[in-house]
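**Q** Pasting a structure below so you can have a look.
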């Protein structure tokens, strides 16, 4: 990784410790090596760097395609370990890239909802995370994020809001015997989201309260 990756990690850690009450729960559940698909809810722009310093692994992020429109931004994002995905459309290229990183034994991070949840509530997932996990046969690590939605305006700096990263136990999705149908994709995506919901307070669970 480039030198500024390590500098950025140090800065993010310092800011989190100074300005928030940052807590990581379940850190022992993170496999120290081997391919891993990390799935998490998404509340704020700070979520990717938060995960980057909370999980003791080098992470590769699946990011929305719009962030890569600027050549400079695209260069920096790729150097920091991110690659683009088109939301709501077929993403064969992104699936191949994810597979390449997983083959290298890296941890790939996906926000299955596809975008930040403005109200903090879990929403139904896109099928991309399921396809990545099933096609590559890798363990899935669920992570629940709470508190980052409070980082609005400037007054939060004085309040030092609590931010919690809750890490669950890895699990495997059943392998596909053939081409996954839309019904099966939705069923498995629902299962993934429920594993994330288990790590969140009830008020964050949205469509997955029951």
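Please treat every number below as a calculation from the coordinates, not as lab data. Computed from a predicted model, the values in this text were never measured in an experiment. With ideal geometry, Cβ positions are generated from the backbone for all residues, glycine too; neighbour counts draw on all protein chains shown.
**Q** Among 139, 175, 35, determine the one that fluctuates most according to a GNM of the chain built with springs between C-alpha atoms less than 10 Å apart.
**A** Most flexible of the set in this elastic network: 175.
**Q** Still on this model: How high is the FRET efficiency between residue 28 and residue 203 when r is their beta carbon distance and R₀ equals 22 Å, given to the nearest 0.05?
**A** After rounding to 0.05, the efficiency reads 0.25.
**Q** A follow-up question, please. What percent of all Cα-Cα pairs in region 1-98 falls in each 10 Å bin, counting up from 0?
**A** Reading upward from the zero bin: 13, 43, 36, 9, 0.
**Q** Still on this structure, please answer the following. Test of understanding: express the Cα radius of gyration of region 42-85 as a ratio to 2.2 N^0.38 Å, with N the residue count.
**A** Relative to the rule-of-thumb radius for its length, region 42-85 sits at 1.15.
**Q** Under a GNM of the chain (C-alpha, springs under 10 Å), which listed residue has the highest mean-square fluctuation: 14, 106, 145?
**A** 14
**Q** Express the relative contact order of region 3-208 as a whole percentage, based on alpha carbon pairs under 8 Å and six or more residues apart in sequence.
**A** 30
**Q** Next question. For region 55-162, what is the Kirkwood estimate of the hydrodynamic radius, computed as the reciprocal of the mean inverse distance between distinct Cα atoms, to one decimal in Å?
**A** 15.6
**Q** Rounded to the nearest 5, what % of DSSP beta bridges with both residues in the chain are antiparallel?
**A** Expressed as a percentage, antiparallel bridges in the chain total about 20.
**Q** Once you keep just the Cα pairs under 8 angstrom separated by 6 or more residues, what percentage relative contact order results for region 74-156?
**A** Across region 74-156, relative contact order equals 21 percent.
**Q** Something else about it: Once the cut-off is 30 Å, how many percent of the Cα-Cα pairs in the chain end up in the long-distance tail?
**A** The share of Cα pairs beyond 30 Å in the chain comes to 18 percent.
**Q** Is any residue of region 42-56 close enough, with backbone N under 14 Å, to a label point placed 7 angstrom from the Cα of residue 76 along the Cα-Cβ axis, and if so, which?
**A** 49
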